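The values are calculated or read from the model by the stated rules, or taken from the named source; none is laboratory data. Predicted model, so just to flag it, every value in this text is computed and none were measured. No Cβ is skipped: glycine too gets one built from the backbone with ideal geometry, and neighbour counts run over all protein chains shown. All accessible areas refer to the heavy atoms of the entire protein, side chains included, with ligands and DNA or RNA removed. Shrake-Rupley method; radii C 1.70, N 1.55, O 1.52, S 1.80 Å.
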Amino acid sequence: QVQLVESGGGLVQPGGSLRLSCAASRLTFSRYDMGWYRQVPGRQRELVAIINKDGSTNYANSVKGRATISRDNAKNTVSLQMDNLNPEDTAVYYCNSRSPLGRDHWGQGTPVIVSS
């Protein structure tokens with residue numbers, strides 16, 4: 001069973017930055033597409049950014065220019081750097097892996113609160 005463990009969430013002031021990390025295990029990491037999603041209570045989980053196994057990336061319009069997703073295939077990690085955070089970025093952030101056959105796994109989530 002794939003395991004994904006997020007870290008790096010917390011409280012940050014508006015305009016600040018945060019780096020989320022996800023450590024993956026029990027998978028051939030380099031063969032998986034990886035992503036970050038977020039969810040606010042009462043709303044659907046939404047894509048933040050994905051990085052495919054070939055290194056290509058895609059970002060939600062709401063974070064373009066403020067977020068950078070990266071992966072380290074040697075360490076089985078995927079990271080999300082977010083800058084210029086605003087209160088609308090407040091959510092629980094989830095790490096996602098998608099297998100070559102399209103199966104999704106999720107981490108337990110890490111909360112990000114943007115508030116002064």
Å² per residue, accessible surface of the chain at 1.4 Å: 54 Å²
Label point 7 Å out from GLN39 along Cα-to-Cβ: which residues of segment 78-116 have amide N under 13 Å? 91-96, 105-111
Using a 1.4 Å probe on the protein heavy atoms, what percent of the accessible area of the chain belongs to carbon and sulfur? 46 percent
Using DSSP to call loops (not H, G, I, E or B), can you name the trypsin sites (Lys or Arg not before Pro) in segment 15-116 whose Cβ has at most 10 other Cβ atoms within 10 angstrom? ARG43, LYS64, ARG103
Quick one: among SER79, SER56, SER21, which has the greatest mean-square fluctuation in a GNM of the chain with alpha-carbon springs under 10 angstrom? SER56
About the Cα centre, and with charges only on the beta carbon of Lys, Arg (+1) and Asp, Glu (-1), how big is the dipole of the chain? Nearest 20 debye, please. 260 debye
In whole Hz, with x marking every Gly and Pro, tabulate ³J(HN,Hα) for segment 81-93 from phi via Karplus 6.51 cos²θ - 1.76 cosθ + 1.60, θ = phi - 60°. 9, 10, 10, 6, 5, 10, x, 5, 7, 5, 4, 8, 9
Taking a probe of 1.4 angstrom, what is the accessible area of SER115 in Å², to the nearest 10? 60 Å²
For GLN3 and THR28, extending 7 Å from Cα along the Cα-Cβ vector and measuring point to point gives, in nm, a value of 2.1 nm
Checked segment 36-104 against the a/c 1.5 cut and the a/b vs b/c comparison, axes a ≥ b ≥ c from its Cα gyration tensor; verdict oblate
Mean separation of Cα pairs under 8 Å and 6+ residues apart, divided by the residue count of the chain: what relative contact order is that in percent? 37 percent
